[in-house]
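*Asks:* The structure that follows is given in the form of structure tokens.
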Amino acid sequence: MTTVADFLLALPFRYEDRRHFATVASLEWERAATILVHFQGVRSIRMRRGLLRVEAVADDGTGAVRVVWHNRYPSFAKALAGKRAALYGSPVAGSKGEMRIENPETELFDPGEEADPIHSRRIVGVYHRVADIPSRLWRTLARRTLDALGPDFRTVSAPSARILRALEEAHFPSHVDSARAALSELAREELLALAARIEDRRARLRERPGIVLPAEEAIRQLARYVLPFPLTRAQKRAVREIADDLASGRAMARLLQGDVGSGKTVVAGLAMLIAAKNGAQSALMAPTEILAEQHAESLAAWLTAAGVRLGLLTGRVRGAARKRLLEALAAGSIDALVGTHALVESPVKFRRLGVAVVDEQHRFGVAHRSRLFRKANPSPHVLIMTATPIPRSLAWAIYGELDVSVLDEKPPGRSPVLTRVRDESARDRVYRFAGERTAAGERVYVVVPAIEEGAREVAATRETAGRIAAALPEVGIGILHGRLPSAERQAVLADFASGRRPILVSTTVVEVGVDVPEATLMIVENAESFGLAQLHQLRGRVGRSERRSWCALIVGAAAAEEARRRLAVLEQTSDGFLIAEKDLETRGPGDLLGTRQSGLPPLRVADPVKDLARLPQARGEVLAMRAEGRVVASDLFGYP
Ligand code: ADP
Ligand code: MG
């Protein structure tokens, strides 16, 4: 909590109708009501830590009802004597079956005085309990704050009157529907503010001058002499869009969005080749060491053939090797550097960074991205790749300032991965099938969920590997988890790729990017503990060649029917966007994107699922208002 706006934007999460005082005689079981009473026979019973259980009989002339408050300070019991009160609560059965009200919200006032209209005789808001502040106090503070601001709420500009009215209604609704309308109004304001921010960032990104990098020669070279396959139509289109950006004189800020297996790496590689052909350097930043190593390997196959000098920088390149690498980079004798976020650390200096590629960017904070931007002046052309199909609404919030290229097509000959949800009784059969696949020279992934990284992760992979070893004693099994030192990790992956150990039991470290075309079967244990988008991503590790591929989602015995139904979507479709929409509906954006670094701006009022769908429309409004010179958005929401 830092500003008045922060405070006022902590809005009620529900409302209670306290417009009418009920009579005690008319109270009904389990039915919340507000009554206006005085007290008789106040008694307190000492409980632990000096707290009291306070009992009293509340009477309003039509009848009497017993009231009990738990965990009160002695001062509370004293204050009851001789007071009148508005009580809000639901009558329940006491120990002898009598009607009583437990822990009602209690508002005391002197005889002759009126009940405070903030808490009763109206619809009142109920607030999330933050820092142990009860709703009542929250309400009082909101009232005082709104009163104090009054018409002088100058921290917000033109839209202030409207916003202030909406805040007033959201905290203190004047009638039944006004709260909902007010919340919707505030959500709209928030979306406008967000859209305005995105527009500003977009404009700022577009102002950056960029090195002019003509692309034609590189494209011809790559397509004719280097790549072992023709590009798909979608890849060609993306390459064209990128080439135009690179030659435009303004710095590129482009998102390359393509489902798993759609062939993003080669597109990125081409951008890197274009840089090299023009005497500029390029960098590719991947979220994990495994991925960085994989990228370095696949890019090496193409780029080295085209004369590009490639370097790999991860946390494990240390000492003299690191020093040599950094010197080569600064001297310009490395053309393309692949690595993890180690790339954006301060000692890393490029001689002339022209193109920066970021893979799976939502796994990085926005801060990482901008640090890469600052590695060169003028700032480099930036290409961001993501395989997470992001529903359009969310994409706007996260990537709204970027231009977008979409790979909506897979390389030819790929058939959808046959996917089945199975319970544990099918596990033996699935393992036998795994044995058949490896006997046919193919590879099998087995993924186990790791709730937390660490010892449990290691134990989970070992246990599963042991079970498979018992079922398939002849077959080599590798184990991969986040705790493995990276040299061993590489050895395990190499053994898997070469077929020496054709079954790989791993945690989700293989989720993104790992590319072993011979893999044809993906088995996921306890599949119910994954989000759909994540399973789709895992499934993307197979079906990467012209061979038929399968995915077995094994659900635990305890998994509810509902979880199975959720997973069944994967049996029916391989459309990543559809799957992502479903995930967003059922589990929210945190799950879809990885909670910590979703890249989604914090939303104060708007709902990240329902309301974000209105963001493109909000953008339209922002553009229209700007064109008319009207003030667009309030800075209430704190989007800089
Ligand atoms: P992703 O988009 O998931 O990163 P990759 O770039 O890893 O996909 O590509 C998946 C696989 O498809 C790789 O083995 C890659 O070499 C191959 N590939 C990419 N483009 C083509 C193409 N046009 N024709 C055939 N294979 C391709
Ligand atoms: Mg990839």
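The values are calculated or read from the model by the stated rules, or taken from the named source; none is laboratory data. None of these values were measured; they are calculated from a predicted model. Cβ: placed from backbone, ideal geometry, glycine included. Neighbour counts: every protein chain shown.
*Asks:* Just checking, does region 470-491 include any residue being farther than 17 Å from Glu525 by Cα, crowded, with 20+ Cβ neighbours inside 10 Å and touching a strand residue (DSSP E or B) at 6+ places or on another chain (Cβ under 7 Å)?
*Replies:* Checked against the condition, which is being farther than 17 Å from Glu525 by Cα, crowded, with 20+ Cβ neighbours inside 10 Å and touching a strand residue (DSSP E or B) at 6+ places or on another chain (Cβ under 7 Å), region 470-491 yields at least one hit.
*Asks:* Moving to a separate point now. Do we have Met252 as within 16 Å of ligand 1 (Cβ to nearest atom), more than 30 Å from Ile123 (Cα to Cα) and in contact (Cβ under 8 Å) with a residue 12 or more places away in the chain here?
*Replies:* So Met252 fails the test.
*Asks:* Working only within region 28-48, note down all residues that are hydroxyl-bearing (Ser, Thr, Tyr) and either in contact (Cβ under 8 Å) with a residue 40 or more places away in the chain or not in a strand (DSSP E or B) (or both). Break it down into steps so the answer makes sense when it comes.
*Replies:* Within region 28-48, the subset hydroxyl-bearing (Ser, Thr, Tyr) is 34, 44.
If the condition is that a residue be hydroxyl-bearing (Ser, Thr, Tyr) and either in contact (Cβ under 8 Å) with a residue 40 or more places away in the chain or not in a strand (DSSP E or B) (or both), then Thr34 is the only one that fits.
*Asks:* Answer yes if at least one residue in region 351-370 is in a strand (DSSP E or B), within 16 Å of ligand 2 (Cβ to nearest atom) and farther than 30 Å from Leu570 by Cβ, and no otherwise.
*Replies:* No, region 351-370 has no match at all.
*Asks:* Being away from ligand 1 (no atom under 14 Å from the Cβ), more than 27 Å from the chain's Cα centre (by Cα) and either free of Cβ contacts under 8 Å to residues at least 12 places away in the same chain or not in a strand (DSSP E or B) (or both) is the filter here, so list the residues in region 544-566 that pass it.
*Replies:* Arg548, Ala557
*Asks:* Right, Ala56: surrounded by fewer than 13 Cβ atoms within 10 Å (Cβ to Cβ), farther than 18 Å from Glu113 by Cα, aliphatic (A, V, I, L, M) and touching a residue at least 12 places away in the same chain (Cβ under 8 Å) or not?
*Replies:* no
*Asks:* What is the one condition in (1) over 25 Å from the mean Cα position of the chain (by Cα); (2) away from ligand 2 (no atom under 16 Å from the Cβ); (3) part of a helix (DSSP H, G or I); (4) not polar (S, T, N, Q) that Pro230 does not satisfy?
*Replies:* So the condition that Pro230 fails would be (3).
*Asks:* Spot the failing condition for Ser282; the list is (1) surrounded by 20 or more Cβ atoms within 10 Å (Cβ to Cβ); (2) within 13 Å of ligand 1 (Cβ to nearest atom), and only one is missed.
*Replies:* (2) is the only condition that Ser282 fails.
*Asks:* Turning to a different aspect of this structure: Are any residues in region 544-559 aliphatic (A, V, I, L, M) and touching a helix residue (DSSP H, G or I) at 6+ places or on another chain (Cβ under 8 Å), and if so, which ones?
*Replies:* From region 544-559, those aliphatic (A, V, I, L, M) are 552-555, 557-559; that's our starting set.
Answer for region 544-559, where residues must be aliphatic (A, V, I, L, M) and touching a helix residue (DSSP H, G or I) at 6+ places or on another chain (Cβ under 8 Å): Ala552, Leu553, Ile554, Val555, Ala557, Ala559.
*Asks:* Of all residues in region 70-124, which are hydroxyl-bearing (Ser, Thr, Tyr), surrounded by 17 or more Cβ atoms within 10 Å (Cβ to Cβ) and more than 11 Å from Arg18 (Cβ to Cβ)? Full working, then the answer.
*Replies:* So the first thing to find is which residues in region 70-124 are hydroxyl-bearing (Ser, Thr, Tyr), and the list is 73, 75, 88, 90, 95, 106, 120.
From what is left, the residues that are surrounded by 17 or more Cβ atoms within 10 Å (Cβ to Cβ) are 88, 106, 120.
Hit for region 70-124 is Thr106, nothing else.
*Asks:* Among all residue pairs at least 6 apart or on different chains, which show Cβ distances below 6 Å where the first residue, located in region 7-19, is in a strand (DSSP E or B) and the second is surrounded by fewer than 13 Cβ atoms within 10 Å (Cβ to Cβ) and aromatic (Phe, Trp, Tyr)?
*Replies:* Once the first residue is in a strand (DSSP E or B) and sits in region 7-19, no partner that is surrounded by fewer than 13 Cβ atoms within 10 Å (Cβ to Cβ) and aromatic (Phe, Trp, Tyr) comes close enough.
Residue-by-condition table, conditions (1) away from ligand 1 (no atom under 16 Å from the Cβ); (2) closer than 16 Å to Gln490 by Cα:
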{"position": "Ala292", "(1), (2)": "no, yes"}
{"position": "Ser298", "(1), (2)": "no, yes"}
{"position": "Arg309", "(1), (2)": "yes, no"}
{"position": "Gly315", "(1), (2)": "yes, yes"}
{"position": "Gly319", "(1), (2)": "yes, no"}
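*Asks:* For region 471-525, which strands (runs of 3 or more DSSP E) that fit wholly inside it have 2 or more residues that are charged (D, E, K, R), more than 16 Å from Gln294 (Cα to Cα) and within 16 Å of ligand 1 (Cβ to nearest atom)?
*Replies:* none
*Asks:* Could you pull out the residue among Ala296, Ala306 that is modelled with pLDDT under 90, touching a Leu at 6+ places or on another chain (Cβ under 8 Å) and not in a strand (DSSP E or B)? So that I can check it myself, show each step before the final result.
*Replies:* On the way: Ala296 fails: modelled with pLDDT under 90.
Result of the check over Ala296, Ala306: Ala306.
*Asks:* If you don't mind, another one. Could you check Ile384 against (1) assigned to a helix (DSSP H, G or I); (2) of a type in the set (Val, Ile, Thr); (3) within 15 Å of ligand 2 (Cβ to nearest atom) and say which number it fails?
*Replies:* Failed condition: (1).
*Asks:* Continuing with this model, one more query. Which one of these is at negative phi and outside any helix (DSSP H, G or I): Ala25, Ala56, Ala79?
*Replies:* Ala56
*Asks:* May I pose another question? Inside region 484-521, can you point out the residues that are within 16 Å of ligand 2 (Cβ to nearest atom) and either among the aliphatic types (A, V, I, L, M) or at positive phi (or both)?
*Replies:* Selection gives Leu493, Ala497, Val509, Val510, Val512, Gly513, Val514, Val516, Ala519.
*Asks:* While we're here: Which one is nearest to ligand 1 (Cβ to nearest atom) among residues in region 403-418 that are among the aliphatic types (A, V, I, L, M) and either closer than 16 Å to Arg237 by Cβ or in contact with a Pro (Cβ under 8 Å, 6 or more places away or on another chain) (or both)?
*Replies:* The qualifying residue nearest to ligand 1 (Cβ to nearest atom) is Leu407.
*Asks:* Considering only region 326-339, I want to know if a residue exists there that is crowded, with 22+ Cβ neighbours inside 10 Å, in contact with a Pro (Cβ under 7 Å, 6 or more places away or on another chain) and not hydrophobic (A, V, I, L, M, F, W, C).
*Replies:* For region 326-339, residues crowded, with 22+ Cβ neighbours inside 10 Å, in contact with a Pro (Cβ under 7 Å, 6 or more places away or on another chain) and not hydrophobic (A, V, I, L, M, F, W, C): absent.
*Asks:* Another question, if that's okay. Looking at region 206-237, which of its residues are closer than 19 Å to Ala276 by Cβ, within 16 Å of ligand 1 (Cβ to nearest atom) and among the small types (Gly, Ala, Ser)?
*Replies:* If the condition is that a residue be closer than 19 Å to Ala276 by Cβ, within 16 Å of ligand 1 (Cβ to nearest atom) and among the small types (Gly, Ala, Ser), then Ala223 is the only one that fits.
*Asks:* Kindly indicate which of Arg162, Arg197 is buried (at least 18 other Cβ atoms within 10 Å of the Cβ) and modelled with pLDDT under 90.
*Replies:* Numbers: Arg162 fails: buried (at least 18 other Cβ atoms within 10 Å of the Cβ).
None of the others qualify; the one that does is Arg197.
*Asks:* Has region 450-470 got any residue that is within 28 Å of the chain's Cα centre (by Cα), at pLDDT below 95, farther than 26 Å from Glu561 by Cα and assigned to a loop (DSSP other than H, G, I, E, B)?
*Replies:* For region 450-470, residues within 28 Å of the chain's Cα centre (by Cα), at pLDDT below 95, farther than 26 Å from Glu561 by Cα and assigned to a loop (DSSP other than H, G, I, E, B): present.
*Asks:* Would you say Arg414 is within 16 Å of ligand 2 (Cβ to nearest atom) and touching a residue at least 60 places away in the same chain (Cβ under 8 Å)? Can you show your working first?
*Replies:* Values: within 16 Å of ligand 2 (Cβ to nearest atom): yes; touching a residue at least 60 places away in the same chain (Cβ under 8 Å): yes.
In short, yes.
*Asks:* Return the residues of region 526-543 that are assigned to a loop (DSSP other than H, G, I, E, B), within 16 Å of ligand 1 (Cβ to nearest atom) and not hydrophobic (A, V, I, L, M, F, W, C); say none if nothing qualifies.
*Replies:* Here is the first cut: in region 526-543, the residues assigned to a loop (DSSP other than H, G, I, E, B) are 526, 530-531, 540-543.
Narrowing the set further to residues that are within 16 Å of ligand 1 (Cβ to nearest atom) leaves 540-543.
Within region 526-543, Gly540, Arg541, Gly543 qualify.
*Asks:* Out of the residues in region 522-548 meeting the condition of being surrounded by fewer than 24 Cβ atoms within 10 Å (Cβ to Cβ), among the small types (Gly, Ala, Ser) and over 20 Å from Gly263 (Cβ atoms), tell me which one is nearest to ligand 2 (Cβ to nearest atom).
*Replies:* Residue satisfying both the conditions and the ranking: Gly531.
*Asks:* While we're looking at this one, here's another question. How many of the residues making up region 243-293 are under 25 Å from Val509 (Cβ atoms) and in a loop (DSSP other than H, G, I, E, B)?
*Replies:* 8
*Asks:* Also, I was wondering about something else. Pull up region 253-269, narrow it to residues that are among the charged types (D, E, K, R) and within 21 Å of Ser282 (Cα to Cα), then point me to the one that is farthest from ligand 2 (Cβ to nearest atom). Walk me through it before giving the result.
*Replies:* Of the residues in region 253-269, the ones among the charged types (D, E, K, R) are 254, 259, 264.
If we keep only those that are within 21 Å of Ser282 (Cα to Cα) too, we end up with 254, 264.
Numbers: Arg254: 16, Lys264: 5 Å.
By that ranking, first place goes to Arg254.
Conditions (1) over 30 Å from Pro416 (Cα atoms); (2) modelled with pLDDT under 80, marked per residue:
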{"site": "Ile579", "(1), (2)": "no, no"}
{"site": "Thr586", "(1), (2)": "no, yes"}
{"site": "Gly590", "(1), (2)": "no, yes"}
{"site": "Leu593", "(1), (2)": "no, yes"}
{"site": "Ser598", "(1), (2)": "no, yes"}
{"site": "Val605", "(1), (2)": "yes, no"}
{"site": "Leu612", "(1), (2)": "yes, yes"}
{"site": "Gln617", "(1), (2)": "yes, no"}
